[in-house]
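The values are calculated or read from the model by the stated rules, or taken from the named source; none is laboratory data. If you're wondering where the values come from, they're calculated on a predicted model, not measured in any experiment. As a convention, Cβ positions derive from the backbone with ideal geometry for all residues, glycine included, and neighbour counts pool all protein chains shown. Note: areas computed on protein heavy atoms with side chains; ligands, DNA, RNA excluded. Shrake-Rupley method; radii C 1.70, N 1.55, O 1.52, S 1.80 Å.
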Amino acid sequence: MANKKEVYLYISSFIRAREPRMLSRDKAERMLEAPSFEESAKILTDCGYEDMSQMRAKDIDKALAKHRDKVFSELASLAPNKSIVDIFRIKYDYHNAKVVIKAEAVNSDESGLFSGSGRVKPEELLAACNEDRCKDLPGRMGAAVEEARQTLARTGNPQLADFILDRAYFAELQDLAEQMDSKYLKGYVAVLVDSSNLRSAVRTLRMGKDADFMASALVPGGNVSCASIMTSASGEGLAALFANTGLKEAAALGAAATEGGTLTAFERACDNAVMAYVCDAKLKAYGEEPVIAYMAAVESEITTARIILTGRLAGIAADVLRERLRDMYA
């Protein structure tokens, strides 16, 4: 009988065969230096994307989302445990929930902001909310949506509603990591939480918000506890707190950002810390690690493609775009 790792042999081989086609730093550099937007976009076709050379920004977003949906569906059909794909789909469920709740609060149609990459179809989510069937939503989502709606109605503060949904999102990730009993996945979720909490702490300090606001924004489950972050609530304190973690560079840049420095380098460093963890999966021949890493890499690849293509369309200089690019898996 196959062990837990061996059931991933086929999908791991499938992914390893796909990785050479991914957007690499060299290909990204070629996209930045291509003579025209059209030639830049055509380079992506070598990575399995449709030809976007005649598209505008809105169409590019749709095409990139379509590519993500295709990858998720393909991997779900091959994975021995579909929950491994849900790790990446859950984020889009909660994005859609935020859209529904805010649209409901201002009585507007924001369906154009929906993502189709989640577990729940947007129209089904909308119907569940409109018909008071939130309990039918998967995982922790139903209870979180109800709490967020009530909080927004009571306070009029959409940020507080977002915090409730964010906590439920990360709690669901932790639930799945426990169910799958994957050390690598648990570590990945913890790094995501740490990155999120560091961003929240830096933004709280930058905006001059109080301790109650920071406590609402933080989520449990990271390698660095919420209590430690609360007691180190200064730029220098955060830099010291994260000094022995993969977010060391990000925390140092965050400290500067709390004093009015740019957030661009800080945000990039947070993403790079997550990617550094993901890249450890390259040492694994098969198992859940290559699957998780590949999906994280696809998400990062899509972000890079969007930055370059929309930037080229807008006429932004290559050097400026280059500064915004994250580290890459390929």
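Using Cα-Cα distances under 8 Å and only pairs 6 or more residues apart, what relative contact order does the chain have, in percent? Walk me through the numbers on the way to the answer.
Numbers: 405 pairs, mean separation 72.2, N = 330.
Over the chain, the number comes to 22 percent.
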Per the rule of 0.36 nm per residue minus the C-alpha distance, extending Asp61 to Asp319 adds in nm 90.6 nm
So how much slack lies between Glu6 and Leu160, counting 0.36 nm per residue of separation and subtracting their Cα-Cα distance, in nm?
51.1 nm
Gain in span if fully extended, Glu123 to Phe14, counting 0.36 nm per residue against the direct Cα distance
36.0 nm
Most mobile of Val106, Val224, Val193 in a GNM of the chain (Cα contacts under 10 Å):
Val106
Could you run the Debye sum over the Cα atoms of the range 236-312, one equal point scatterer each and no solvent, and tell me log10 of I(q)/I(0) at q = 0.15, 0.18 Å⁻¹, two decimals?
-0.66, -0.83
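Report, to one decimal in Å, the Kirkwood hydrodynamic radius for the range 81-124 based on all distinct Cα pairs.
Numbers: mean 1/r = 0.0920 Å⁻¹.
Computed over Cα pairs of the range 81-124, the Kirkwood hydrodynamic radius comes out at 10.9 Å.
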What is the percent carbon and sulfur in the accessible area of the range 16-153, measuring with a 1.4 Å probe over the protein chains and ignoring ligands?
48
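Any number yet on Rg/Rh for the range 1-70, C-alpha, Kirkwood?
Working: Rg = 16.1 Å, Rh = 14.1 Å.
Dividing the radius of gyration by the Kirkwood radius yields 1.14.
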For the range 103-145, the percent of all C-alpha pairs falling in each 10 Å bin, from 0 up to the bin holding the max distance, is 26, 57, 16
Dmax and Rg, reported as Rg then Dmax, of the range 113-236 (C-alpha, Å):
16.0, 49
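Which value, in Å³ per residue, describes the convex hull spanned by the Cα atoms of the range 239-282? The partial results should precede the final answer.
Values: hull volume 2.2 nm³, N = 44.
About 49 Å³ per residue, rounded to a whole number.
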Alpha-carbon radius of gyration plus Dmax, which is the widest Cα pair, for the range 134-175 in Å
10.2, 30
Report ³J(HN,Hα) in whole Hz for each residue of the range 246-251, in order, from the Karplus equation J = 6.51 cos²θ - 1.76 cosθ + 1.60 where θ = phi - 60°; Gly and Pro get x.
x, 9, 4, 5, 4, 5
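Hey, what number do you get for the chain at 222 nm if only DSSP H runs of n ≥ 4 count, each worth -39500 (n - 2.57), divided across all residues, to the nearest 500? Present the calculation step by step, with values, prior to reporting the outcome.
Values: 16 runs with 222 residues, N = 330.
Value at 222 nm, helices only: -21500 deg cm²/dmol.
Inverting the mean 1/r over all pairs of different Cα atoms, compute the Kirkwood radius of the range 194-248 and quote it in Å. Don't jump to the answer; show the numbers that get you there.
Details: mean 1/r = 0.0917 Å⁻¹.
Averaging 1/r across every pair of different Cα atoms and inverting gives 10.9 Å.
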When all alpha-carbon pairs of the range 1-141 are counted, what percent fall beyond 17 Å?
70
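Any idea what the dipole of the chain comes to, in debye rounded to 20, about its Cα centre with Lys/Arg Cβ at +1 and Asp/Glu Cβ at -1? Please list the in-between numbers first.
On the way: 43 positive and 48 negative charges, 70 e Å.
The dipole magnitude comes to about 340 debye.
How large is the accessible surface per residue of the chain, computed with a 1.4 Å probe and reported in Å² as a whole number?
Details: 15430 Å² over 330 residues.
The answer is 47 Å² per residue.
If you take the Cα atoms of the range 162-302, find Rg, then find the Kirkwood Rh from the mean of 1/r over all pairs, what is Rg/Rh? Intermediate values should be presented prior to the final figure.
Numbers: Rg = 15.2 Å, Rh = 15.5 Å.
Answer for the range 162-302: 0.98.
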Given 20 Å bins starting at zero, what is the percent of C-alpha pairs of the chain in each, up to the one with the largest pair distance?
28, 61, 10
Among Lys282, Lys58, Lys135, which one shows the highest mean-square fluctuation when the chain is modelled as a Gaussian network with alpha-carbon springs under 10 Å?
Lys58
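Based on Cβ point charges of +1 for Lys and Arg and -1 for Asp and Glu, what charge dipole magnitude is obtained for the range 34-145 about its Cα centre, in debye rounded to the nearest 20? Present the calculation step by step, with values, prior to reporting the outcome.
Numbers: 17 positive and 19 negative charges, 79 e Å.
Its charge dipole is roughly 380 debye.
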Based on the Cα coordinates of the range 32-96, what is the per residue volume of their convex hull in Å³?
106
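Rounded, prolate or oblate: which one fits the range 58-191, using the alpha carbon gyration tensor with axes a ≥ b ≥ c (rounded when a/c is under 1.5, else prolate when a/b beats b/c, else oblate)?
Details: a/c = 1.97, a/b = 1.32, b/c = 1.49.
Oblate is the answer for the range 58-191, as a/c is 1.5 or above yet b/c matches or exceeds a/b.
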